[in-house]
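Here the structure comes first, spelled out in structure tokens, and everything after it is commentary.
The values are calculated or read from the model by the stated rules, or taken from the named source; none is laboratory data. Fair warning: this is a prediction, and the values are worked out from it, not measured in the lab. A quick note on method: Cβ atoms are made from the backbone with ideal geometry, for glycine too, and the neighbour counts reach across all protein chains shown. These accessible areas exclude ligands, DNA and RNA; they are computed on the full protein's heavy atoms, side chains included. Shrake-Rupley method; radii C 1.70, N 1.55, O 1.52, S 1.80 Å.
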Amino acid sequence: MATDACGRLWVLDAGVTDVANVTKQTCPPQLLVFDLHSDELILRYKLPDGQVKQDSLFTNIIIDIRDGKCDDAYAYMSDVWRNGIVIYILKQDRAWRIVHNLLYPDPIASKYTLHGLTWRWTDGIFGMALSPIDPESGDRTILYHPMSSFREFAVPVSYIRNKTLADKTPEAFQPLGEP
């Protein structure tokens, strides 16, 4: 969930239950937006089939609004099990999916041990954060981390706001620092 400066609560419903046992898809993944002043549902957007993969699990959402333009909001939603980001634009009521190899887990970092029990956990993009607006470029950056990784990554928002540009410019996705 995320709130925005326009008094709205954005809820990412993965549509999945019983993740710990046998995962059940009980409804399509969807984005719900509530007016925090009236407690009313003001938007329900079901993610189209083309943006939801078999066994997708949407886990995180961040909202991007600039210059107080509430009708020009973007939502960035991570798919931890199928390694993608779905971008939703409120003004056009549409979404698209971005995939990139730097959204995937690192197989070397997927080995976990706790209390003598060792297992493999191959979750991809999990945590995301949005930088402040850069005063020179006017752009923001999404900083993200696959669950099974030793590294942080970044991509300028201008690249993922344009699916064609994101697909043609894979070098926009960059690792940060050294592991």
For this session: Restricting attention to strands (runs of 3 or more DSSP E) lying wholly within region 3-100, give those where 1 or more residues are within 26 Å of HIS145 (Cβ to Cβ), modelled with pLDDT of 90 or more and open to solvent by less than 20 Å² (accessible area, probe 1.4 Å).
Result: 8-13, 30-35, 58-64, 74-79, 84-89, 94-99
For this session: Take the residues in region 123-179 that are closer than 22 Å to LYS111 by Cα, in contact with a strand residue (DSSP E or B) (Cβ under 9 Å, 6 or more places away or on another chain) and among the acidic types (Asp, Glu), then tell me which one is most open to solvent (accessible area, probe 1.4 Å).
Result: GLU152
For this session: Kindly indicate the residue of region 134-158 that is aromatic (Phe, Trp, Tyr) and modelled with pLDDT of 95 or more and also farthest from the chain's Cα centre (by Cα) among those meeting that condition.
Result: PHE153
Exercise. In region 105-156, which residue that is part of a loop (DSSP other than H, G, I, E, B), free of Cβ contacts under 8 Å to residues at least 60 places away in the same chain and among the hydrophobic types (A, V, I, L, M, F, W, C) is farthest from ASP55 (Cα to Cα)?
Worked result: PHE150
Exercise. Considering only region 117-133, how many residues are closer than 16 Å to ARG161 by Cα and either modelled with pLDDT under 95 or over 18 Å from the mean Cα position of the chain (by Cα) (or both)?
Worked result: 1
